Amino acid sequence: MVSVFVSISVLLGAMYLVARWLQNGVGGMSPSLHALGRFLLVKAPAGAVDLFDDAPGRGGRTWVRFGLAWMILAATLAFVARWHNWDGGALDSLASLGWSYDDGSGLATTVALTLRTGIVMVFLGTGLTAAGRASGGRLASEASASLMALVFTGVSLLVLLLPTIAGIAGLDAATEDLLVKSVSSIVLHSIVGGALLVNALMTLAGRGDAPVSYSGWFLVDALVVMVVAPLVYIAAELGGATQSVWFAQAALEGWLPLALMLATAYAVVPAMAERSVWSSALASSALLLTFATVPVVSARSVDAAPLLQNLAGILLTLGILPLLATSVNLLATAKNGASSIASSPAGMASVLAMLLLPLYAVGTYFAAMEAMVGSGSLASLSAALSRDFFFTVGGLLVLASVLGYMPLAGGRQPASTGGASTAVWMVAVGGLLATVSTTLGSLAARAVEHGVSDADMLEATMANLAGFDLVGAFLFYGVALGFMLTGSAAVRNGFTPATATASSTSDVSTYALAGGSTSIRALLGRGLGLDTVLVVGTDEAALSGSTVIAVRADLHADEVKEFPDLEEKFPEELHMLANYLSETKQDVFSFFRSIDLDDSGAVDARELQNALRAAKIANLPPWDMGRLIEAIDLDGDGQINLPELDIVLARLRAASSEEE
C-alpha cells in the first residue's frame with residue numbers, strides 16, 4: 001500500500017513543481033535553463049528538426065492531421081469489431097496477420113490503441129495551438145512539435161505491429177509483453193512528452209505577466225503525466241508493486257486523455273462562442289479535481305486492501321465532479337454566444353459534446369464502480385463505455401477542433417460545407433444510439449446469465465441477444481462515416497485561401513466592464529486576449545450597455561485621408577451598402593449596431609457576410625469577403641469597427657459627389 005502513495009506523491013509533486021516554475025520561474029537559473037531548452041528544441045536531434053517547417057501554427061496542425069487519420073482508422077476498426085461481435089466468423093480470413101479473432105480480444109486491443117492515439121494527438125495539437133496563440137502567436141519551436149508528431153505516429157505504428165513482429169520472430173508472450181510496454185511507455189510517452197513539455201513551458205514563458213489560461217494548465221499537467229507516469233510504471237513493474245502499476249495505468253489511460261480533452265474543450269468552446277469562460281470558480285475546480293480524483297474512464301479492478309478499495313471508490317465518485325463542472329461552465333459560455341455557436345457546425349459539435357458529457361460521465365461511473373470494487377461482472381461494459389465516451393464526446397470535440405478551431409487559428413473560416421454538419425450529427429446520434437444498444441445488450445446478457453440455469457436455454461437466449469450487437473454495429477457505422485466526412489471537409493478547407501489574418505490573441509470578442517478602462521492581460525485566465533484594451537465611454541451608447549465602441553487614435557492620424565483622390569476605387573458592394581443606408585434612412589451607427597451581434601465593437605467577415613445577405617445587398621462567398629474586408633479595414637486587424645466603416649463610406653460619398 002505504501003508504494004502507491006509514494007507513486008501518487010511523485011506524480012503530484014512533479015505537477016506542483018512545474019506549476020511553481022511556470023508561475024514564478026526558477027530564479028537566477030532561468031536564463032541558463034531557457035538557453036538549454038532552446039538548444040534541445042532547435043538542435044536535438046541534430047539535423048532532424050531542420051527538415052520541418054517552423055512557420056507559426058505548423059506544429060499543432062501536424063499533430064491534429066495525424067490524429068484525425070488515427071481517428072478515422074480507429075472508428076473503422078471499431079465498426080469491424082462490433083460486426084465481429086455479431087458474426088464471429090466474419091474475419092477468419094484475416095487471421096494470418098497475427099491477430100486472434102476467436103473472441104475478438106486482439107481486435108479490441110487494436111481499437112483501444114488506435115483510438116487513444118488519435119484522441120491524444122488531436123487534443124495535443126489543439127492544446128499546443130491554443131498555448132501558442134496566447135503567447136505570441138507561435139510555439140517556441142514549431143518544427144520540434146512537428147518532429148514529435150511524426151515520432152509519436154511512427155512509434156504507435158510500431159507498437160501496433162509488435163505482436164505480429166514478435167510472432168514472426170518466435171518471441172514468447174512474456175518477452176513480447178515487456179517489449180510492447182517498454183517501447184510504448186518510455187519512447188512513446190516519456191521522450192515525446194518531455195520534448196513537448198519543454199516546448200510548452202518555453203512557449204507559455206513568453207506570455208509576459210498574463211496568467212496561464214485554463215486550457216494551458218490542463219495541457220501542462222497532462223504533459224507532466226505523460227512524462228512521469230511511464231517512469232512510475234516501469235519502476236513499479238521492476239519492483240513488483242502491482243498497486244503502483246495500477247495507478248500508472250490509470251494515469252496514462254485516464255488522466256492523460258481526459259485532461260487533454262478538457263484542455264481542448266476550454267479552448268474550443270469559448271472560441272466558437274466568442275465569449276470568455278463563464279465561471280472561473282468552476283474552471284479552477286475542474287482543474288483541481290481532475291488530478292485529485294480517480295478518472296471514471298479506463299477504470300480497472302483494484303487488488304488491494306479494503307481501505308484502499310474504499311478510498312478508490314470515493315475518489316472515483318468525486319471523479320464525476322470535474323466533468324459536470326466543465327459541462328455546466330462551458331454550456332453557460334456557449335449560451336452567452338448562442339448566435340456564434342449556431343452559425344457553424346464546429347460550434348454545434350462543441351455544444352453537443354458538452355450536453356452528452358454528463359450523460360456519459362454518470363453511465364461510465366456506475367459501470368466503472370462495479371468493475372473496480374465490485375464483482376467485476378461489468379468490466380467489459382465499463383471498457384466499452386469508456387471507448388464510446390471518447391468516440392462520442394471526444395469525437396465531437398475532435399470535430400469542433402478540426403472543423404472550427406484549427407481553421408480559425410490558421411486564418412480561415414470554419415468549415416460549413418462539404419458534409420461538415422452531416423458529420424457532426426452522424427457522430428453525435430450514431431455514437432449515442434450505439435452506446436445505448438451496447439449497454440442494453442450487455443445488461444440483458446448479464447441478467448440472463450444470472451437468471452437462466454438450463455444450459456440449452458441459456459445458449460438460445462444468448463444467441464437471440466446477439467441482435468443488440470448487430471444494431472450497435474449498424475448505428476456505429478455512422479460514427480465511422482462521420483470521421484471520414486470530417487477528413488474530407490478538413491482537406492477541402494485546407495486548400496481554400498485564407499480570408500483573414502491568423503490571430504495570435506484570444507477568440508473572445510467582447511467582455512463586459514463596469515466602467516473605466518482595463519487591460520485584458522488581467523483577465524487572460526478567463527480566455528481574453530493579451531493586449532486588447534476596452535475603453536468604456538460616457539456617451540449614450542456606452543451608458544446603455546448595448547455596445548462598446550472605442551474610437552482608435554490611429555484612425556485619425558495624418559495618414560488617413562478623409563477626402564481621398566477621385567480615382568480611388570471602391571468595391572461594388574460598398575456602393576450597394578451606401579445606397580441601402582440611404583434608401584432605408586439609416587445612419588452608419590445604427591447599421592453597425594444592428595450587425596454587431598455580440599456587441600464587441602468590431603465586426604468580422606462572417607458577421608458582415610450575414611448582414612449583407614440578410615439585407616439582400618449581396619450574397620458573397622467566403623473567399624470574396626476578404627476583398628471587401630480589406631477595403632474597409634484601415635488598421636489591418638482583420639475586423640471592422642465603427643470609425644473604419646464611417647470613414648470609408650464618407651470617402652465613397654465624397655467620391656460620388658465629385659463625379660456627379
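Coordinate-derived values only; no laboratory data. Note that the coordinates shown come from a computational prediction; the quantities given were computed from them, not determined experimentally. Every residue, glycine among them, receives a Cβ derived from its backbone with ideal geometry; neighbour counts consider all protein chains shown.
Once backbone amide H atoms are built at 1.01 Å from N, residue 57 has 139 as its partners under 5 Å, excluding neighbours fewer than 5 places away on the same chain.
With 10 angstrom as the radius, rank 575, 84 by how many other C-beta atoms surround their C-beta, starting from the fewest. Intermediate values should be presented prior to the final figure.
Details: 575 15, 84 21.
In order of increasing Cβ crowding within 10 Å: 575, 84.
Distances between placed amide hydrogens fall under 5 Å for residue 603 paired with 640, 641, all partners being 5 or more residues away or on another chain. Sorting the segments 437-443, 145-151 by their mean number of nearby beta carbons within 10 angstrom, highest to lowest, gives 145-151, 437-443.
Label segment 595-652 by shape, choosing from rounded, prolate and oblate, from the square roots a ≥ b ≥ c of the eigenvalues of the Cα gyration tensor; if a/c is under 1.5 it is rounded, and otherwise prolate applies when a/b is larger than b/c, oblate when it is not. Write out the running numbers ahead of the final one.
On the way: a/c = 1.41, a/b = 1.23, b/c = 1.14.
Judged from the Cα gyration tensor, segment 595-652 comes out rounded (a/c under 1.5).
Ranked for footprinting exposure by Cβ neighbours inside 10 Å, fewest first, 327, 350, 3 give 3, 327, 350. Annotation: the residues 21, 278, sorted from fewest to most other C-beta atoms within 10 Å of their own C-beta, follow the order 21, 278. For residue 413, the residues whose amide H sits under 5 Å from its own are 499, ignoring neighbours fewer than 5 places away on the same chain, with H placed 1.01 Å from N. Taken as Cα centroids, segment 296-362 and segment 125-155 sit 26 Å apart, rounded to the nearest whole angstrom.
Can you give me the relative contact order of segment 589-656 as a percent, contacts being Cα pairs under 8 Å and 6 or more apart?
Working: 50 pairs, mean separation 19.6, N = 68.
Averaging sequence separation for qualifying contacts and normalising by length gives 29 percent for segment 589-656.
Determine the shape class of segment 281-399: with a ≥ b ≥ c the square roots of the Cα gyration tensor eigenvalues, call it rounded for a/c under 1.5, and otherwise prolate if a/b is greater than b/c, oblate otherwise. It comes out oblate by the Cα gyration axes.
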